[in-house]
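Below: one structure, written as structure tokens.
The values are calculated or read from the model by the stated rules, or taken from the named source; none is laboratory data. Being a predicted model, the structure only gives us computed values, none of them experimental. Cβ atoms come from the backbone with ideal geometry, glycine included; neighbour counts cover every protein chain shown. Side chains included, ligands, DNA and RNA excluded: accessible areas come from the protein's heavy atoms. Shrake-Rupley method; radii C 1.70, N 1.55, O 1.52, S 1.80 Å.
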Amino acid sequence: MSRASRSLPLVLVLAAAATTALLVGLCTAGGTVAASTAAASPTAAETFTPAPASSTDLIENADAYDGRTVVFEGEAIGDRLERGDHVWVNVSDGANAVGVWAPASMLPPSLVLGRYGVVGDRLRIVAVFHRACAEHGGDFDLHALSAEVVSAGRATPPPVPWTLLVAGPGTFLLVVTGAVRFRKRIRLLFTKS
Amino acid sequence: MYIIIAGCRKVGSNLARTLAEEGHDVVVVDSDEKDFELLGSGFNGMTLAGMPIDEDVLRSAGIEKADALAAVTDDDNMNVMISQVARGIFHVPNVVTRIYDPEREKVFRSMGLRTLCPTMLAVERIGAMLTSGSDAADGAREASS
Amino acid sequence: MTDRTGGRFAAVAYPVGLVVAGLGALQWIPLVTALVRGEWTIALVFLTGSSTTILCGGAVALAFARHRGRKLGWSEGMAVTALSWFFGMLFCALPYYLSGGYLSYLDACFDVMSGLTTTGLTLIQDLDHVSDGVNMWRHLLTWLGGQGIVVLALAFLFKGTNGAYKMYVGEGKDERLTPNVVNTARSIWIISLVYLGVGTAALWGAGIVAGLPPGRAFLHGLWIFMAAWSTGGFAPMSQNILYYHSLVFEVTTAVFFLIGSFNFALHYAVLSGQRSEIRKNLETVTFSITVVVLTLVASAGLMRDGVYPDAIALFRKGFYQLISGHTTTGFMTVYARQFYHEWGDLALFALIVAMLLGGSACSTAGGFKALRVGIIVKSFARDVRKLGAPESMVTVVRIHHVRDTQLDDASIRGAMLIVFAYIATFSAATLAGMLYGIPFAQSAFESASVTGNVGLSIGVTAASMPDGLKIVYLVTMWLARLEFLSILALGATLLRNGRRR
């Protein structure tokens, strides 16, 4: 038996599997798109006043909230990711951060974003929730209808504890003295025995 | 250096261990798998069971990238053949061949092989030790062991 | 002179001390990061952590330096690796704890072990406000752990190669790229460093496309590369990869964690010109087949339940988590609890199996490893074929892994034993979860994730989970990453010494 003939079945299996995957994917993809657009069409839910929802509410009851308008409150964190005339800003309510898709003008570059040493702007966002957004590759996201800053972000410079001020240089000094005191024996460690 | 050692008896195994501990890439080839036990546990190199004159075996041992080869099997004819394959076909830059038989050693040295004859070495050394009785010869023996 | 027992530990203490001191020196990388970013408190944290680690490790190394020439036996060589990981964890957790990001020292240790074993589960508090210094340390740990900290020490720190092969095997890698394992260790690091350059550049670009400012894009690119290559799964933001909302970014990460899950021997063969190795290697063939089959199963499950609206979503959510799980990376573009609420049994089953199967042997990935799976399947097929063949017929199993080899019973037995150990560990961790009241499916999922050093979570792992379960998961990660042997060897040594007294 030659090597080629032995690996042939494997190649065939792979090819067959890949084609089936592709076919099944294509067929059903069409089907589910139709189904989901039907589900997303306005229902009685639209007439409610938007209900406040936390990220945990949204994750735990995603199906119930899917396609509904909700009020989400949290801190803008990280970065403002520009995509043409829209932006992504991730908003964290403490438990989870959720991506908010908004027109660039709604969340302007002046937005204060939370990161180390900075508490970001606290936003109240009225948005349509998508459990698996068809527009954004199945993302779990909020499409903002309006956004307002509830409380402005600010810098929160972390304190420098005196214990660290002592411990850091102190231990470092010990390392340096140790290195000088034992330099001969240390050099010996890095020569071949 | 990438070194191939053909033959894993007393000389081959000790040579392999020493070179590996010095940090060289060592591959030992021997037709008898049992001989690899002489290398001890956790040998820091590769072992390959197979006839060292077989080109495919030598190829799997990585002879194409080898810098040196030592032919130290117990069979003089085999050693000569290995060396000729290594030099002629794979162009290994540095090939050392062990030949027990002094007569044959002379012949192959004249053919351009780098050879070593332990028989003649022993003859010279033992002769020196017997005749001079000096410590110098003893010291040399200890250093070489 | 010391007695035999004392002597045994003395010979082990020296290299362990040296590895720990090395880990202390490496804390200067986050220290410099913190200084550059003006994070003064964090810089002090790392100065304290680094100096303390160097002092302790260095003192032990110096004290036992005279035992350096002693030959290490198998159990000692392996104990070096197991103990290096254990003490390395204790000391690497110091800056984590001092930075104030953890509720307890155990949580900090859990995160170090998760990082070093390239798992990627995390107990850190408020990740979105964590400093660049600490993030550098998290990702550096996961990157170092992927190649192996003992491999690192072998490559650059230890002089002389006494016991090198034993330590190397102890760290869950047993292949040689070059005959000498010290040169092998160097090659592994050179390959990783080359990819570090390429990958950081690619993810830097992808980050800019995703909308990050160039400076942040560079840091995120570097960190995400480190986590992708080592099949780790950490990310600097709490939403993991979902944070970037970018197809380009997701595909780029997938490329690098896929490459990272390949065997270093395969990398070496391909980089030295044997391109065809990618197609022929038993491991890549096995991996491709399991990926295709499991993708089909997961997709069938997700489509039947209509979880995702279209093919793109199915790719970015379904396939991405599956391949992330199969390579044991653990990058996520969904929330942990979405697995539980939305995925359905069929897709979860496929994902659990994928996580257990894992990537390639001698790579940064975890799990059973494709090579073992391939060997077991091949030998099983041989035995079945034998049943129908005349008794006198001699059958041999040939596999192609870098070179053609004939499988002997010893290697089949070895593969089966390790796979069995993984299954036993997985079962034990699942059981432990259930003892703490976690439902079966969730416990199995999380346990597969720790056993395969994956890092996908269904929501069990949280700072609020019981300490006992944290310890179970921590030990499971440690056992699985080192592939059992070295820790068992350490246990056996301790037991033997205990009994002799």
(message) Can you pull out every residue in segment B:2-33 that is more than 10 Å from chain C (Cβ to nearest Cβ) and under 12 Å from B:A66 (Cβ atoms)?
(response) B:I5, B:A6, B:V29
(request) Name the helices (runs of 4 or more DSSP H) wholly inside segment C:412-501 in which the number of residues that are under 23 Å from C:L351 (Cα atoms) is 3 or more. (result) C:440-451, C:467-481
(request) Provide a single number: the residues in segment A:176-188 that are within 15 Å of C:G24 (Cα to Cα) and either within 7 Å of chain C (Cβ to nearest Cβ) or not in a helix (DSSP H, G or I) (or both). (result) 1
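If you take the residues in segment B:40-56 that are touching a residue at least 12 places away in the same chain (Cβ under 8 Å), within 11 Å of chain C (Cβ to nearest Cβ) and not in a loop (DSSP other than H, G, I, E, B), which one is nearest to C:V181 (Cα to Cα)? Lay out the reasoning, then the answer.
Of the residues in segment B:40-56, the ones touching a residue at least 12 places away in the same chain (Cβ under 8 Å) are B:40, B:43-53, B:55.
Among the residues that remain, those that are also within 11 Å of chain C (Cβ to nearest Cβ) are: B:40, B:43-49.
Remaining after also requiring not in a loop (DSSP other than H, G, I, E, B): B:46-49.
Values: B:M46: 9, B:T47: 13, B:L48: 16, B:A49: 20 Å.
Once the filter is applied, the top-ranked residue is B:M46.
Quick one: which strands (runs of 3 or more DSSP E) lie wholly within segment A:67-175 and hold at least 3 residues that are of a type outside the set (D, E, K, R) and within 11 Å of chain C (Cβ to nearest Cβ)? Quick ask: steps written out before the conclusion?
On the way: elements: A:69-83, A:86-92, A:97-103, A:122-133, A:139-151.
Per the criteria, A:69-83, A:86-92, A:97-103, A:122-133.
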(message) Given the criterion among the small types (G, A, S), without any contact (Cβ under 8 Å) to a residue 60 or more places away in the chain and open to solvent by 30 Å² or more (accessible area, probe 1.4 Å), identify the matching residue among C:A311, C:A389, C:A347.
(response) C:A311
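It is to be established whether one or more residues within segment C:1-14 are within 28 Å of C:G452 (Cβ to Cβ), open to solvent by less than 30 Å² (accessible area, probe 1.4 Å) and not charged (D, E, K, R).
Taking segment C:1-14 and keeping what is within 28 Å of C:G452 (Cβ to Cβ), we get none.
No, that holds for no residue.
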(request) Look through A:L145, A:L123, A:L164 and report the one residue that is under 23 Å from the mean Cα position of the chain (by Cα), hydrophobic (A, V, I, L, M, F, W, C) and open to solvent by less than 50 Å² (accessible area, probe 1.4 Å). (result) A:L123
(request) Looking for whichever is open to solvent by less than 40 Å² (accessible area, probe 1.4 Å), modelled with pLDDT of 95 or more and outside any helix (DSSP H, G or I) here; the options are C:T290, C:T333, C:T295. Which one fits? (result) C:T333
(request) Examine segment C:269-286 for a residue that is open to solvent by 50 Å² or more (accessible area, probe 1.4 Å) and among the hydroxyl-bearing types (S, T, Y), and state whether such a residue exists. (result) yes
(request) Would you be able to tell me the number of residues in segment C:247-264 that are small (G, A, S) and open to solvent by 10 Å² or more (accessible area, probe 1.4 Å)? (result) 1
